[in-house]
1. Look through A:Ala408, A:Ala462, A:Ala421, A:Ala453 and report the one residue that is more than 12 Å from chain B (Cβ to nearest Cβ) and touching an Asp or Glu at 6+ places or on another chain (Cβ under 9 Å).
2. Return the only residue of A:Tyr457, A:Tyr463 being touching a Gly at 6+ places or on another chain (Cβ under 6 Å), farther than 30 Å from A:Asp517 by Cβ and crowded, with 20+ Cβ neighbours inside 10 Å.
3. Residue under question is A:Lys332, and the condition is that it be farther than 29 Å from A:Pro69 by Cβ and touching a residue at least 24 places away in the same chain (Cβ under 8 Å); does it hold?
4. Within region A:163-211, how many residues turn out to be away from every other protein chain (no Cβ under 13 Å), in contact (Cβ under 8 Å) with a residue 60 or more places away in the chain and under 21 Å from B:Gly77 (Cα atoms)?
5. Could you check region B:189-200 and list, in sequence order, the residues that are within 12 Å of chain A (Cβ to nearest Cβ) and touching a His at 6+ places or on another chain (Cβ under 9 Å)?
6. Write out, first by first residue and then by second, each pair whose Cβ atoms fall under 9 Å of each other, whose residues are 6+ apart or on separate chains, and whose first residue, in region A:553-566, is more than 14 Å from chain B (Cβ to nearest Cβ) and closer than 20 Å to A:Pro79 by Cβ while the second is among the acidic types (Asp, Glu) and not in a strand (DSSP E or B).
7. Just to be sure before I move on: is A:Tyr245 of a type outside the set (D, E, K, R) and under 19 Å from the mean Cα position of the chain (by Cα) in the structure I sent?
8. Kindly check whether there is at least one residue in region A:117-135 that is modelled with pLDDT under 95 and over 30 Å from A:Trp534 (Cβ atoms).
Amino acid sequence: MMSRTMDGTVKSRFSAQKPRGEEAVLAPQLRPERKNRASIGMTRPLFAAVVFLALVGGAATSLHAQVAPQRLVDSAKEPQNWLMYSGDYAGRRFSALEQINISNAAMLVPKWAYQTMAGGKFETTPLVVDGILYGTGQDNRAFALDARSGRPIWQYQRALPADIRPCCGRVNRGLAILGDKVFLGTLDAHVIALDAKTGSVVWDVTTVDYSKGYSITLAPLAIKNLVIIGVSGGEYGIRGFIDAYDAATGERKWRFYTVPGPGEPGHETWEGDSWKIGGAPAWITGTYDPATNTTFWTTGNPSPSNRGEGRAGDNLYSNSLLALEPETGKLKWYFQFSKHDDHDYDATQVPVMVDQGDRRLILQANRNGFFYLIDRTNGKLVFADPFARVTWSDSKDANGVPIARKDASPTLEGNRVCPGAAGATNWMSPTYDPQTQLFYVTAREQCDIFSTAPQAYEAGHAYYGSAYFPNDDAAPFTGALRAIDPNTGKMKWEWKHPSPTWSGVLSTAGGLVFTGDAEGNFIAVEAASGKALWHFQCGASVYSSPMSFAIDGKQYVAVAAGSALLTFGLP
Amino acid sequence: MALRAQDKNPFAGDAKAAKLGESQFRANCAFCHGLGARGGGRGPDLSRAQKRHGNSDAELFRTINEGVPGTAMPPNGATQQGVGMTEEEIWQVISYIRSVQAKAPAQMVGNAAHGKELFYGSAACSTCHMIQGKGGRLGPDLSTTGSARSTDYLVESVRSPSRRLAQGISEAMKEFSQEYETVTVVTAEGTKFMGVVMNEDHFTLQMMDTREQLHLFDKSKLRSLEKSRESLMPAYDQKTLSDKDLQDVLAYLLAVGAQ
């Protein structure tokens, strides 16, 4: 089925043999920048007619995947679609669809499944645009499906070099869409634009040399004409960065190094040359505030992750929230969650924008176990309170920022600290439900024994300086879906998981919150109370964040588990 | 990963490589095999000269790189947690394992034949444990445990079985294995069952009762469900099983495990 093409990618014959009739009619306005295809023989009057149809509306559903930047800003106007990784620019992962609700959730049934047939964690959150679902799979697969039936329209798989070494599985969390293209970050640190209709590669740019330990696993974020990505690689002593590419051409517009170089503010927070291998990868999708034209990104651990010797200082901008100007990458302000971290407490959790009265906030339940409320106009902390068991910090500075205990650092013999290395939460998305005004997050109650393992840096080699272990003596680790009131930081309710899960959370206007567990259940609970209303056994642990869409007036909820993307709806 | 095992470790006897290997070991292997390679609740003691899946350089390389099917040992780089190792790093780890490998003979001081008598006789281990198809089903099958666990762990499991419960089913993508927890349920009809948890999730329970009957429950339909981390296995103190007899039982487990 698979064949290798000239551009070095593997494609299935779905795309190779796809008839081009519809595309030929609509193509010119959809991809004016295309150069690598034979010209499309369309007459001017026909072209004008198509444009006219688009302008008078009604044609929106036939113009598949024509996603102008303003549609992303106005995503609330089309709740049937899921236009970006977190559902909206605010990162709320909230669906305004309410057909599936507390009165009928118990009747949910599977509608269709799509199998990638790949092993490892399946972390995608698919996009849905006008009836077409776009997702990614393990090993840099990408696919477009008929969202009504689950049948593939095209499938893509990158031919990855044999020597890539992503830290934590050959994963990818999803695509961004803009215009007539979808954008994929790859495990060999490329950014690729695929034709949304065919899966053909439109452009392919190298962000950085993957052999130094860089990879890309996040879903890019499209803002205006730009595609913004960040890199993974905090386990390899990389120097993290966030990049913006011109969506039309793939030209890089700016790069923001998350570890400042000589002469830049923050450079002084690194000892000696440690900044060169300082880590601080930005491996989860950011959010965007159109009102202030600010994009918010979060960063991961300084390298080596569990050994602070040799990198004395706060290690900016590791474990931080960054407010950037999208056109330039200029830093407006930052907030660092865990200074000089030696517990692998990446702050790579989606920074969720919430407005409370006239307060403009960012909410983040951090991997370090604290729930933070931050003023997103200036980066000042409002408060930080634990949402899970915390032992690494028992005090706060004058601004209320939790600070680390001196004796919490890893030792050669091992030091038991909570949360453990996987954190009180991790990359799995939280959700904010504007109806209940609650923030829902997957919490992991797991403490680890942190031990140092001194090692020299070697380019492209694992560089943890550490080891960690579950504490065998402790009671079993657990997890929970927790509903937090952002006004107080207090927990309203929790739904307990038998063991820690890597599933994210979706809230919907139907009064529901969806999440998954390590035991393979996909679960709907009542958003107000945490009472379970429905569950389905997926057959494998859920390592993804669910989403919702509608087609033909019917609402679906989708989640990836095992090698299957599963969708559910009413009978 | 396309790494191939050569016959000999290019870093054999290289103390510097062993030191580098220790770091790799701590980061990649110690999670299951313990900080000093002396075994943990999950992985065998690698300081023993005898290794179930081969102790030559090439065999160790293969085991590390390809994993061991049917066991918790994953192929290099496939743990989904942590990074994979390069060929060079695997050899360094092997150098490290060699550096800690006990020179002591593999044989235990105990009398394996007497251990077998105890196992199937007065110590009554076989009431709940099976070895090579013979014995009970309520506890873990111990056919390979001797080679898969450290001696310290085995001693602790006999003397204080509740301290670290044995691990049961491991599911492919699930981080944590099910443990041999004790469970007592009362059904809607009022029937009481006590036994071990085979598996469970938030909604259902799969258990084996003390009569080795499997029961599959929807938790919401039970009158009561109580779990305990107090093992159903009795703690064997010195009176029940002397140190010498314990050594004999362990010798039996090791002898069987080596087969």
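The values are calculated or read from the model by the stated rules, or taken from the named source; none is laboratory data. These figures come from a predicted structure and were not determined experimentally. No Cβ is skipped: glycine too gets one built from the backbone with ideal geometry, and neighbour counts run over all protein chains shown.
1. Numbers: A:Ala462 fails: more than 12 Å from chain B (Cβ to nearest Cβ); A:Ala421 fails: more than 12 Å from chain B (Cβ to nearest Cβ); A:Ala453 fails: more than 12 Å from chain B (Cβ to nearest Cβ).
None of the other options fit; the residue is A:Ala408.
2. Values: A:Tyr457 fails: crowded, with 20+ Cβ neighbours inside 10 Å.
Just a single option satisfies the conditions, and that option is A:Tyr463.
3. On the way: farther than 29 Å from A:Pro69 by Cβ: no; touching a residue at least 24 places away in the same chain (Cβ under 8 Å): yes.
It is false that A:Lys332 is farther than 29 Å from A:Pro69 by Cβ and touching a residue at least 24 places away in the same chain (Cβ under 8 Å).
4. 1
5. We begin by selecting, within region B:189-200, every residue within 12 Å of chain A (Cβ to nearest Cβ); these are B:197, B:199-200.
Listed by number, the list is empty, since nothing qualifies.
6. A:Gln555/A:Glu98
7. Values: of a type outside the set (D, E, K, R): yes; under 19 Å from the mean Cα position of the chain (by Cα): yes.
Against the criterion (of a type outside the set (D, E, K, R) and under 19 Å from the mean Cα position of the chain (by Cα)), A:Tyr245 qualifies.
8. No, region A:117-135 contains no residue that is modelled with pLDDT under 95 and over 30 Å from A:Trp534 (Cβ atoms).
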